[in-house]
1. Going down the list Lys23/Lys244; Lys244/Lys278; Lys209/Lys241; Lys35/Lys142; Lys57/Lys142, which pairs span over 29 Å between their C-alpha atoms?
2. With charges only on Cβ, +1 for K and R and -1 for D and E, what is the dipole size of region 170-300 about its Cα centre, in debye, rounded to 20?
3. Going by average Cβ density within 10 Å per residue, which order do the peptides 277-283, 243-249 take, highest to lowest?
4. Can you give the relative contact order of region 4-164 as a percent, counting alpha carbon pairs under 8 Å and 6+ residues apart?
5. I need the phi-derived Karplus couplings for region 23-39: 6.51 cos²θ - 1.76 cosθ + 1.60, θ = phi - 60°, integer Hz, Gly and Pro marked x.
6. Please find the FRET efficiency linking Lys195 to Asn254, where r is the Cβ-Cβ separation and R0 is fixed at 51 Å, and quote it to the nearest 0.05.
7. Could you work out Rg/(2.2 N^0.38 Å) for region 170-300, with Rg from alpha carbons only?
8. Pick the calculated semi-axes √(5λ) of the Cα gyration tensor in Å for this structure from (i) 37, 21, 17; (ii) 33, 25, 18; (iii) 28, 24, 18?
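Derivation of every value follows stated rules applied to the coordinates shown; laboratory data play no part. Nothing here was measured: the structure is a model prediction, and the numbers come from that model. Counting neighbours? That spans all protein chains shown, and the Cβs are built from the backbone with ideal geometry, glycine included.
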Amino acid sequence: MTESLGFVGLGNIGSRVVPHLLKAGHEVAVFDLNKDAVAALVDLGARAAESPSDAAKTASVVFLSLPTSQIVRSVVADEAGVFEGAAAGTVIVDHSTIDPETARDLAAAAAAGGFAYLDAPVSGGVQGAEAGTLSIMIGGEKETVEKVRPVISTYAGNIFHVGPSGSGQVIKLANNIITAVNIAALGEGLSATVKAGVELDTAVEVLSKSSAASFVLSSYFPRTLFTEERPTGFALDFMLKDIKLFLESAFKSNIPTPVSNIVGDLYRIGNRDGRGGKDFTSVVEFYEDFSGIRLQSKGNKA
């Protein structure tokens, strides 16, 4: 069944998710401050909305994919926001990565206004969004999750209902800090290994079949860090933002985070050194600079 949808935020994820919704036959009103991003989707059949409120006017589901908690609050609850334009019963599906408290606040405000709000951060990056294989971790009411599941399935390979409001953000932040720690550990270990004379490709083959194996090592590094071009799939500054959110949330829960604090410092160094817009794996360049080596696969050399 086709539906009328709204989508606010057409960055790396949103701009790649909307085409899946259009291909499935849904009507989609899109809004973003980036007019070129809007125009590109209008060319595919979307409608350009004048505001988040306008995007929500006829939508049964409004999707958000935005960079910060503050922007999400503004887009949802400020003048010309989603609440202003949405009809009773509208479901807001927020694919942004934000702090759990903001998610819970917005869920409560939505319920008071006759709407529903799901915090539904994503994992899988640009490649997953393009392929329609994103993993979605959702916090909110189970009945609401089931209501929107058919629409989300057009661009998601895995949809997890993980608990009440805020739970999606909690597990997404855990996912990202674990990934960041893994990247830093791999960078340290591989740099030391290559500096000691072992070929990178040999080290990767051995580690990928040993207890150090991980998705980052076998799948993500070969597409990013190990290449000559080192394309950006998820910016270092975005990961730094998520690390800060994790650390703030853990602090409020009185949970010690010594490893995460150290890794956060490495990402801050990356930001200081001008790598904020580069892929988040570029944090490993800290070790390359120190050791004077480059972690590039022979298969990716010109």
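1. Working: Lys23/Lys244 37 Å; Lys244/Lys278 18 Å; Lys209/Lys241 32 Å; Lys35/Lys142 36 Å; Lys57/Lys142 25 Å.
Going by Cα-Cα distance, Lys23/Lys244; Lys209/Lys241; Lys35/Lys142 fall outside the 29 Å limit.
2. Details: 14 positive and 15 negative charges, 65 e Å.
So the dipole magnitude of region 170-300 works out to roughly 320 debye.
3. 277-283, 243-249
4. Working: 343 pairs, mean separation 31.3, N = 161.
The value is 19 percent.
5. Coupling constants for region 23-39: 4, 6, x, 7, 8, 10, 9, 10, 9, 7, 5, 7, 5, 5, 5, 5, 4 Hz.
6. Details: r = 39 Å, r/R0 = 0.77.
Calculated transfer efficiency: 0.80.
7. Values: Rg = 14.6 Å, N = 131, 2.2 N^0.38 = 14.0 Å.
Cα Rg divided by the expected 2.2 N^0.38 Å: 1.04.
8. Answer by label: (i).
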